[in-house]
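Read through the structure below, which is laid out as structure tokens, and then see the notes.
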């Protein structure tokens, strides 16, 4: 078994969700005063944390349907999504190193997928 299509789709979804969770947590941190009450009342932190729980559940489900060596690199595309979301939501600059890093990650995931016969 390499990986079922449903497991691949779930892992890709978790990669996107983990990057979105980081966006909400970063937005939530703008309003944190490092007091317990500000953490408890922060909806963005709660939503980002909720997304991380969904990621954990999705990852558990996905791992049942495929090899770790195939699925984990797909999850690692969260780095790609985080660069994209950082640029979109926070106007973070893209430079040659970031773009090369993203391309290397995509190439690595592609090579592993092709090597696994997907």
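Readers should treat all values here as calculations from the given coordinates under stated rules, not as data from a laboratory. Just so you know, these numbers come straight off a predicted model, no measurement behind them. Because the Cβ atoms are built from the backbone with ideal geometry, glycine has one as well, and the counts that use them run over all protein chains shown.
At-a-glance table
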item	result
Scan of segment 26-58 for residues that are within 13 Å of the chain's Cα centre (by Cα) and surrounded by 19 or more Cβ atoms within 10 Å (Cβ to Cβ), ordered by number	48, 51, 55, 58
Segment 66-118, subset touching a strand residue (DSSP E or B) at 6+ places or on another chain (Cβ under 7 Å) and in a helix (DSSP H, G or I), residue farthest from residue 29 (Cα to Cα)	70
